Amino acid sequence: MWFSGGGSGFVGQAVRSSLRQSGYDVLTVSRKSDYDRVTWVRVYDRLVRLVSSGFFYSEKAKLWADGLPKCDAVINVAGENLLNPRRRWNSEFQEEVWNSRVDTTKTLAKLISESKDRPKVFVTISGVGYYKPSQVAEYTEDSPGGDFDFLSRLAKEWEAAAELPSDCDVRRVAIRSGVVLGREGGMINQIFWPFFFGLGGPVGSGKQFMPWIHVHDLARLFVHVVRNDRISGVLNGVAPHLITNKQFSRCFGRHLWRPAFVPLPTSVVRLLFGSERAKVMTEGQKVIPKRTLETGFRFEYADIDSACRECARLIYADDQLLK
């Protein structure tokens, strides 16, 4: 059995589906309970504590006083949507974004350390916001970062939250993900109809790099690192094809048979999302998946053309789920 945190979101559903297609049983921790899900709780010496306000305990949820149930791997992809357009970028939302990532990861790390039967591997997600935006610098997994703004510090603490005691023989992997592309969620879900009606275009100047990965490749990468016991440490979860935001916009518009020359001004993005959060869209990094490729992982969507073709279908059925 595999234990997954955050399995009800866009990325989490893809990871869970990929695991099940590979023949694994998956128990998911999320905000809502179900037959294959439990809610987020902390178990410390038989005491249940809520992770944060908004996470509720259900009677269906099974609690473990001795840590986790026996499982082969623990994966955490939990996190409040950073670019939720319905939420203002204030201290309250920043705290939710932080806690939904850092606290949930700490919770799972604590459960692992207290378990009698520990998993073989603990895999967590992070973000390329760890690296400082730049038009010239190239970043690999060994590049410095995590110390210049809220998002970089969040990525650093997110990864640090997965630390385990020195005597805990559990392999750890952190995947720093780029923009996740997929027809049913994330950025594509937000821009599909504006592009479809010919109102799409680059964000700001469009010259900023846009590190990206297709959601199916990200899900496959999680399975890859869990199966390969030689992999540990940080991997950049980005496709090898380096592009700018303008190149993405043109490619996506072309596959929709629509023009893509209506820019979204930086000033408007800052007004809608706040200046700090707007950086996710108006600034970018040149991130290279050096170690990811060295592990032998092969991208199904290695170039932006193949990814946009898959995401641009008007009538959509997830081929991965039909296999």
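Using a basic spin-label model with each label point 7 Å from the Cα along Cα→Cβ, how many nm lie between SER275 and VAL262?
Reported label-point gap for SER275 and VAL262 is 2.8 nm.
Amide H neighbours of SER177 under 5 Å, counting only residues 5+ apart in sequence or on other chains, H built in-plane at 1.01 Å?
Here the answer is SER126, GLY127, VAL128, GLY237, since their amide H atoms fall under 5 Å of that of SER177.
For a quick check: with amide H placed at 1.01 Å from N, whose amide H comes under 5 Å from VAL26's, ignoring anything fewer than 5 positions away on the same chain?
The list, which skips near neighbours in sequence, is TRP2.
Could you give the nm distance between label points at ARG291 and GLU184, where each point is 7 Å from its Cα heading toward the beta carbon?
3.1 nm
For the stretch 156-161, in order, what is each residue's ³J(HN,Hα) by Karplus, 6.51 cos²θ - 1.76 cosθ + 1.60 with θ = phi - 60°, in whole Hz (x at glycine and Pro)?
5, 5, 4, 6, 5, 5
Per-residue HN-Hα couplings for the stretch 218-229, Karplus 6.51 cos²θ - 1.76 cosθ + 1.60 at θ = phi - 60°, whole Hz, x for Gly and Pro?
Working through the residues one at a time gives 5, 5, 5, 5, 4, 5, 4, 6, 6, 6, 9, 6 Hz.
Just add up the charged neighbours of SER152: K/R +1, D/E -1, any other residue whose Cβ is under 12 Å from the Cβ of SER152.
Taking every Cβ under 12 Å from that of SER152, the sum is -1.
Given H placed on each backbone N at 1.01 Å, which residues far from ALA73 in sequence or on other chains put an amide H within less than 5 Å of it?
When sequence neighbours closer than 5 places are left aside, the close amide H contacts are PHE3, LYS120.
Net charge near ASP305, counting Lys/Arg +1 and Asp/Glu -1 over other residues with Cβ under 12 Å of its Cβ?
That sum, taken over residues with Cβ under 12 Å, equals +1.
All other residues with a Cβ under 14 Å from the Cβ of LEU314 taken together, and with Lys, Arg as +1 and Asp, Glu as -1, what is their net charge?
Its environment carries a net charge of +2.
Quick one: Karplus J couplings for the stretch 174-188, per residue in order, coefficients 6.51, -1.76, 1.60, θ = phi - 60°, nearest Hz, x for Gly and Pro?
10, 9, 8, 8, x, 4, 8, 9, x, 5, 9, x, x, 4, 4
Which whole-number value in Å² is the accessible area per residue of the stretch 197-239, probe 1.4 Å?
So the stretch 197-239 comes to 34 Å² accessible per residue, rounded to a whole number.
Here are some pairs, LYS70/LYS156; LYS207/LYS290; LYS106/LYS156; which of them have Cα atoms lying more than 19 Å apart in this structure?
LYS70/LYS156; LYS207/LYS290
If a/c stays under 1.5 just call it rounded; otherwise compare a/b with b/c (prolate if a/b is bigger, oblate if not). Do that for the stretch 210-323, with a ≥ b ≥ c from the square roots of the Cα gyration tensor eigenvalues.
oblate
Rounded to the nearest 0.05, what FRET efficiency is calculated for ASP147 and LYS116 with R0 set to 30 Å and r the Cβ-Cβ distance?
According to the calculation, E is roughly 0.20.
Modelled label-to-label distance, ASP303 and GLU95, 7 Å Cα→beta-carbon offset: nm?
Distance between label points: 4.9 nm.
The values are calculated or read from the model by the stated rules, or taken from the named source; none is laboratory data. This structure is a prediction, so every number in the text was calculated from the model and none was measured. In this analysis, Cβ positions are derived from the backbone assuming ideal geometry, glycine residues included, and neighbour counts consider all displayed protein chains. Just the protein is used for accessible areas: all its heavy atoms, side chains included, with ligands, DNA and RNA removed. Shrake-Rupley method; radii C 1.70, N 1.55, O 1.52, S 1.80 Å.
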